[in-house]
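J.: Pasting in a structure now, in structure tokens, and then I'll have a few things to ask.
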Amino acid sequence: MLTIRCTRKLLKRLGAEAIVVPPSPTNRLGNWYANLVFVRHVPLIICISERSLLPVIVEARGASSFSPRFRDAARSVLQGIGAGPDMVGREVREMGSFAIGVTANRRVLGSLNDLASLARFEIEDNPSIDLVALAVKLAETPCSPLKYESPRTVSLALLRHASS
């Protein structure tokens with residue numbers, strides 16, 4: 001169980017109601033923050049882990065298919081950064097259900113906006129890039145809230161901690 005903390009713009013797009021008091025996350029990467037971004041007139045949803053800032057990007061299609069698309073993309077990104085099958089399986093299982101909440105951490109929201117800008121630039125330079133490949137590439141970006149570690153490094157450390 002986890003909470004996807006959405007911006008108001010994304011809540012409106014999904015037609016979703018945010019719960020007031022979301023449950024505590026049971027996964028290693030914690031809750032996720034999500035925002036709607038437009039790149040080359042294509043609506044995308046960029047999500048980042050609250051604990052590691054790991055990005056996951058999906059197309060902004062129907063609200064009813066967001067949950068499985070997010071989970072599938074997260075699985076692919078975790079595999080792409082080198083997480084082992086046990087780590088990936090455990091984390092994705094915990095993503096089986098989630099609540100929708102509102103953003104609550106300005107630091108994470110700032111990182112979400114920074115990674116969204118980097119995604120826009122990358123897509124402008126390479127319009128045919130796959131969204132999973134893009135997220136894996138962004139996961140190598142050093143981030144000041146992580147003491148200039150990359151989301152990939154922090155995510156793998158969190159996932160390894162769960163295995164021990």
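The values are calculated or read from the model by the stated rules, or taken from the named source; none is laboratory data. Since this is a predicted model, take the numbers as computed values, not measurements. Don't worry about glycine lacking a Cβ; one is built from the backbone with ideal geometry, like all the others, and counts go over all protein chains shown. Heads up: the accessible areas ignore ligands, DNA and RNA and are worked out on the full protein's heavy atoms, side chains in. Shrake-Rupley method; radii C 1.70, N 1.55, O 1.52, S 1.80 Å.
J.: Take Phe38 and decide whether it is in a strand (DSSP E or B), touching a strand residue (DSSP E or B) at 6+ places or on another chain (Cβ under 8 Å) and at pLDDT below 95. Before you say what the answer is, go through the steps one by one.
T.: On the way: in a strand (DSSP E or B): yes; touching a strand residue (DSSP E or B) at 6+ places or on another chain (Cβ under 8 Å): yes; at pLDDT below 95: yes.
Taking the combined requirement at face value, the residue satisfies it.
J.: Separate question: Any idea how many residues of segment 67-102 are among the hydroxyl-bearing types (Ser, Thr, Tyr) and either part of a helix (DSSP H, G or I) or surrounded by 20 or more Cβ atoms within 10 Å (Cβ to Cβ) (or both)?
T.: The total comes to 2.
J.: Right, next: Of the numbered conditions (1) at pLDDT below 95; (2) under 29 Å from Lys147 (Cα atoms); (3) among the basic types (Lys, Arg), Arg71 satisfies every one except a single condition; which is it?
T.: Just one mismatch for Arg71, condition (1).
Results for (1) of a type in the set (A, V, I, L, M, F, W, C); (2) open to solvent by less than 10 Å² (accessible area, probe 1.4 Å), shown as yes or no for each residue.
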| site | (1), (2) |
| --- | --- |
| Leu29 | yes, yes |
| Tyr33 | no, yes |
| Ile48 | yes, yes |
| Glu59 | no, no |
| Ser65 | no, no |
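J.: In segment 112-160, what count of residues is obtained for those that are among the acidic types (Asp, Glu), more than 14 Å from Arg51 (Cβ to Cβ) and either open to solvent by less than 80 Å² (accessible area, probe 1.4 Å) or not in a helix (DSSP H, G or I) (or both)?
T.: Residues meeting the conditions: 3.
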